[in-house]
């Protein structure tokens, strides 16, 4: 990595890589958010080019990557130095970035982005106590859900991940934890993200061991990756709201970004291990 990718602390050069992303059609192109900026490599990490300097964030629930339908458009989600939502957006491959601050109402970092598979201009983002949507490919945003619109029983709290169901038009899911009791929950929207209702919750998070990092939808289940193990919830379950369960507990197990367990890793591929993304050289 470049010497500029870091900061000096007690005479030691340190680098904090917060997110890593791989180009959807060119696997040798990588992008990372590393203190103090956003860097892109076109040769699988041999050399790096600084594309944005001066990011401010500490939240590990972020999005960094390319728009799947328009790879000239890039996003990085986080918060500014006032702990307000901030989205960095580039529409020329990362050469120039616009700062977007859609919700200046306090500590409400933007976490994850979900791209509508049927409308490239429609995007959802999950944040602290809120879900927003954009209908112009991320240039402007409007909220569709806020925590203070709900009673204590259904307070949405921290929304870590949001995702569209590619098999069901207009269906989306959100995963996070309650602000009131810190339980893991899953919310569902059947109208393309306009309205949301809780469909499941679990007390697995009570012991703080199942802190969620990533969530993906695969074959009718939502898989939630934590640093202790993997939780799975079958979407066709309607008998109980406590069916989120541990499916694996070994931190050495590799998963791909679609939730599938990997036996033989492939060089040049991003996997999830211990709840976090890693890259295999």
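The values are calculated or read from the model by the stated rules, or taken from the named source; none is laboratory data. Quick caveat: nothing in here was measured; it's all calculated off a predicted structure. All Cβ positions, glycine included, derive from the backbone under ideal geometry; neighbour counts span all protein chains shown.
Is it the case that residue 61 is closer than 23 Å to residue 277 by Cα, surrounded by 17 or more Cβ atoms within 10 Å (Cβ to Cβ), within 14 Å of the chain's Cα centre (by Cα) and modelled with pLDDT of 90 or more?
The answer is no for residue 61.
What strands (runs of 3 or more DSSP E) completely inside the stretch 96-153 contain at least 1 residues that are buried (at least 19 other Cβ atoms within 10 Å of the Cβ) and at pLDDT 95 or above?
On the way: elements: 98-100, 110-115, 123-127, 130-134, 142-146.
Answer list for the stretch 96-153: 110-115, 123-127, 130-134.
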### Task
At least 2 residues that are at pLDDT below 70 in each: list the strands (runs of 3 or more DSSP E) lying fully within the stretch 194-271 that qualify.
245-248
### Query
Residue check: is residue 16 surrounded by fewer than 16 Cβ atoms within 10 Å (Cβ to Cβ), under 21 Å from the mean Cα position of the chain (by Cα) and modelled with pLDDT under 80?
yes
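Find the residue count for the stretch 158-182, including only residues that are buried (at least 20 other Cβ atoms within 10 Å of the Cβ) and at pLDDT below 90.
Our first condition is that a residue be buried (at least 20 other Cβ atoms within 10 Å of the Cβ); within the stretch 158-182, this holds for 158-164, 172-178.
Subsequent filtering for residues that are at pLDDT below 90 retains 158-160, 176-178.
Going through the stretch 158-182 one residue at a time, the tally reaches 6.
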### Summary
Those residues of the stretch 68-90 which are free of Cβ contacts under 8 Å to residues at least 24 places away in the same chain and either part of a strand (DSSP E or B) or surrounded by 20 or more Cβ atoms within 10 Å (Cβ to Cβ) (or both) amount to 72
### Summary
Of (1) in the same structural domain as residue 24 (by TED's automatic domain parsing); (2) outside any loop (DSSP other than H, G, I, E, B), residue 46 fails just (2)
